[in-house]
Amino acid sequence: MRIRIPTGLASIFFSIVLLVVGQGKSYADHAGIKILEDMEHALISLSNKVRPMVVSIAPYVPTASTKKQKDFNRRSRPTNAGAGVIIDGEKGLIVTNSHVVRNAGKVWVTVFGGKKFVGEILGTDEDTDLAIVKISFSKPSLAPRFGDSGKLRIGQLVVAVGNPYGLKDTLTFGIISGLNRENVNLSRYEDFIQTDASINPGNSGGPLLNIQGEIIGINTAIINYAQNIGFAIPSNMVRQVTEQLLSFGEVRRGWLGVGIERVTPEHALAANTPEGGGVWINSVFEGDPADKAGLKVGDIILKIAGAPVKSPNGMIRLIGTITPGQTVKLDILRQGSQKVVSVKLGAQTKRRKLATLSPLDGGSPLGIEVRDLKPAERDLATVDGYGVLVSKVYEGSHAQAKGLAAGDLIVAVNGENLIDQKQYANILGSISSGEPVFLLVLRNDEKFHLALVRED
């Protein structure tokens with residue numbers, strides 16, 4: 001007979017059971033059973049405390065047609081249901097994922113016990129996948145406190161609450177498996193908590209909590225092809241984003257105006273600095289804050305406002321937490337010498353999605369057509385598989401006049417590293433006709449910068 005060893009916190013119970021059995025009857029009757037009972041009671045107490053603070057969220061369908069509502073529930077509940085957690089029980093404020101409420105004017109919110117409310121969406125932030133929903137409580141509800149995600153440690157015990165596959169009021173447990181996970185390609189600002197607490201479709205928007213019942217994250221995604229790998233947005237980021245959504249209806253982020261990439265061994269050798277520290281500036285946008293402050297291509301940014309910069313994603317997150325208009329000091333490395341540069345940050349332009357720029361529409365606002373790299377081409381790429389390939393340059397276009405050619409690899413647009421054609425279209429969707437577009441292009445293993453103008 002085979003025994004399947006459970007993972008996460010369940011394995012702790014399994015180990016204790018084996019210990020109890022192995023110690024004999026007298027020990028099991030006293031110390032061993034007492035340990036199991038204490039842990040069981042602690043989990044039950046935690047469950048009773050946090051489950052009433054978690055809600056179920058589903059797309060809004062008017063109740064006028066009973067048959068229509070039943071058909072919708074039967075057809076859509078497993079894939080569309082999400083979760084949320086109450087953060088202000090008096091005002092009826094709930095935080096969830098933006099993808100749970102995307103393209104919905106209203107949502108159904110079902111609270112613990114089964115009562116349903118129509119929820120109003122107060123604000124969303126696609127860059128972090130967070131949203132605020134408001135309902136009108138007849139009486140104040142309890143709300144958990146936010147914990148400090150900056151103090152989390154790998155191995156801490158956690159619980160997740162949500163509605164996996166439409167199964168409301170589900171609690172799972174596990175540990176923190178990793179911290180500061182980025183490059184997962186789930187959102188623009190990534191600093192995820194990784195957990196092995198079971199998270200499935202329907203858990204999105206629900207809380208990840210510590211054993212004190214404090215919110216330490218908002219569950220956002222899983223890796224479909226893997227087991228026991230889930231991700232949560234850290235509570236400190238959640239708190240910052242929700243405060244801005246409630247104050248302004250949007251998130252206001254600082255803007256530096258540079259294109260960046262990781263420090264390669266070649267960059268490190270040229271700058272006489274260890275590899276892996278800071279980020280390398282590959283482009284500076286004319287007229288933007290970095291340009292006005294005198295930053296140059298080839299500079300390596302080591303610190304921003306005293307905080308070390310360890311990766312491109314880390315720098316993007318850091319700049320995004322600073323209020324536009326604020327002046328910050330940047331520690332940079334230029335040609336082997338360290339300097340401190342003061343920069344007054346601008347405001348990041350809010351993205352606008354334009355349907356005409358969908359990758360499937362065949363639009364060519366830059367006078368070019370692009371396609372994703374094929375798997376074999378990604379394996380041969382020298383930029384970690386990033387970029388879209390130029391498949392066609394139109395006669396008489398600005399791109400042709402500037403020398404862009406079929407076969408060139410566009411690895412970044414306006415300082416943002418490209419992964420695929422969809423991302424390329426979304427970035428262009430934030431740029432108005434007549435505005436400049438800065439490309440970082442790879443040709444024959446050599447990079448060069450190209451400034452074009454959106455033509456449509």
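The values are calculated or read from the model by the stated rules, or taken from the named source; none is laboratory data. Source: prediction; values computed, not measured. As a convention, Cβ positions derive from the backbone with ideal geometry for all residues, glycine included, and neighbour counts pool all protein chains shown. All accessible areas refer to the heavy atoms of the entire protein, side chains included, with ligands and DNA or RNA removed. Shrake-Rupley method; radii C 1.70, N 1.55, O 1.52, S 1.80 Å.
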Legend entry - Options Glu261, Glu286, Glu266, Glu250; residue that is out of contact with any strand residue (DSSP E or B) (no Cβ under 9 Å at 6 or more places or on another chain) and either among the charged types (D, E, K, R) or surrounded by 19 or more Cβ atoms within 10 Å (Cβ to Cβ) (or both): Glu266
Legend entry - Condition broken by Tyr386, with the remaining ones in (1) more than 16 Å from Arg443 (Cβ to Cβ); (2) modelled with pLDDT under 75 satisfied: (1)
Legend entry - For Pro274: the one exception among (1) modelled with pLDDT of 90 or more; (2) open to solvent by 70 Å² or more (accessible area, probe 1.4 Å); (3) under 30 Å from Ile176 (Cβ atoms): (1)
Inset, instruction - Kindly indicate whether any position in the stretch 347-362 is at pLDDT below 90, open to solvent by 40 Å² or more (accessible area, probe 1.4 Å), touching a Phe, Trp or Tyr at 6+ places or on another chain (Cβ under 8 Å) and hydroxyl-bearing (Ser, Thr, Tyr). - result: yes
Inset, instruction - Taking Arg317 as the residue in question, decide whether it is open to solvent by 40 Å² or more (accessible area, probe 1.4 Å), out of contact with any helix residue (DSSP H, G or I) (no Cβ under 7 Å at 6 or more places or on another chain) and in contact (Cβ under 8 Å) with a residue 60 or more places away in the chain. - result: yes
Inset, instruction - Would you please name the residue that is farthest from Ser364 (Cα to Cα), looking only at residues in the stretch 393-443 that are open to solvent by less than 20 Å² (accessible area, probe 1.4 Å), among the small types (Gly, Ala, Ser) and not in a strand (DSSP E or B)? - result: Gly415
Inset, instruction - Quick one: which helices (runs of 4 or more DSSP H) lie wholly within the stretch 196-311 and hold at least 2 residues that are under 29 Å from Ala131 (Cβ atoms) and touching a helix residue (DSSP H, G or I) at 6+ places or on another chain (Cβ under 9 Å)? - result: 235-248
Inset, instruction - Starting from residues that are of a type outside the set (Val, Ile, Thr) and either in contact (Cβ under 8 Å) with a residue 40 or more places away in the chain or touching a helix residue (DSSP H, G or I) at 6+ places or on another chain (Cβ under 7 Å) (or both), keep the ones in the stretch 95-112 and report whichever is surrounded by the fewest Cβ atoms within 10 Å (Cβ to Cβ). - result: Gly105
